[in-house]
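My questions all concern the structure below.
Since every read-out is calculated from the coordinates, none of them should be taken as a lab result. These numbers come from a predicted model, not from an experiment. Positions of Cβ are backbone-derived with ideal geometry, glycine not excepted, and every protein chain shown enters the neighbour counts.
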Amino acid sequence: MTQRTSSVPPRGGGSPGGTEAGHTIVELLIGAIILGLVLALTFEALVTGQRVTSETATQTAVEATVATALGLMSSDLRQSGGPSSGSGFLIDASPEGGANQRVSFRKVQGFDVAARQTVWSPATIQYWYDAAGQRVKRQEGTGAISIVATGIDPGFSFALGADQVTITITALRDLTTDGRRVTVSTTEKVALRN
């Protein structure tokens, strides 16, 4: 009897009768596909996390801008009087256009005990909306005009009640390139002195 020997090495490229194990091309392709899926999912999670972080930062910035403008206006308005108080209180159109987008008033300077009346500051304070620049502006007397807030779109308005003024500020920002926007609209009612 003759014994036949094969010169073809076993799977895995080892020597005949060896113990080395290997992988077929199919097994390698399946491993590469699984690794690719895991990497793709990881990358998608990172991109989503970065987008959410960016959107949160944008929304926080918009909210801070609105809160700062509203805080400054409210503080000034609390020291003013209504239309019948002699403070020169007036709500009218903004110099840059737009109804009810400017307020003018004088602050309380003190109280004249002898005359028993409020003494108003001679300087008029004005707040108004610059639609072209999407800014809220402030000026005291003939002093410099300061920018209170930027990126305010479509702006703000004032409404006068019996003893209060209602301020509404709205700001819109694009969050991403897919057209989503964040909108922050805040309304505050401020009591006026009489």
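Relative to 2.2 N^0.38 Å, what does the C-alpha radius of gyration of region 50-191 come to as a ratio? Two decimals please. Please report the intermediate quantities before stating the final value.
Working: Rg = 17.2 Å, N = 142, 2.2 N^0.38 = 14.5 Å.
Rounded to two decimals, the normalised Rg is 1.19.
Under the definition of Cα pairs under 8 Å and six or more residues apart, what whole-number percent is the relative contact order of region 50-191? Intermediate results must be reported in sequence, preceding the final value.
Numbers: 293 pairs, mean separation 29.1, N = 142.
RCO, region 50-191: 21 percent.
Extension gain residue 146-residue 170, at 0.36 nm per residue separation less the Cα-Cα distance, in nm? Spell out each step's value before the answer.
Working: separation 24, 0.36 × 24 = 8.64 nm, distance 1.94 nm.
Stretched out fully, the residue 146 to residue 170 stretch lengthens by 6.7 nm.
Same structure, new question: Can you sort 128, 120 so the residue with the fewest Cβ neighbours within 10 Å comes first? Kindly include the intermediate steps, with their values, before the conclusion.
Working: 128 25, 120 21.
Least to most surrounded, the residues fall as 120, 128.
Work out from phi, with θ = phi - 60° and the Karplus expression 6.51 cos²θ - 1.76 cosθ + 1.60, the ³J(HN,Hα) of each residue of region 120-135, listed in order in whole Hz, and give x for Gly and Pro.
Rounded to whole hertz, the list is 9, 4, x, 8, 8, 9, 10, 10, 8, 9, 9, 5, 5, x, 6, 10.
Listing 33, 167 from the residue with the fewest other Cβ atoms within 10 Å to the one with the most, what is the order?
Working: 33 10, 167 21.
Listing 33, 167 from fewest to most nearby Cβ atoms yields 33, 167.
If r is the Cβ-Cβ distance from residue 21 to residue 42 and R0 is 22 Å, what FRET efficiency results, to the nearest 0.05?
Using R0 = 22 Å, I get an efficiency of 0.15.
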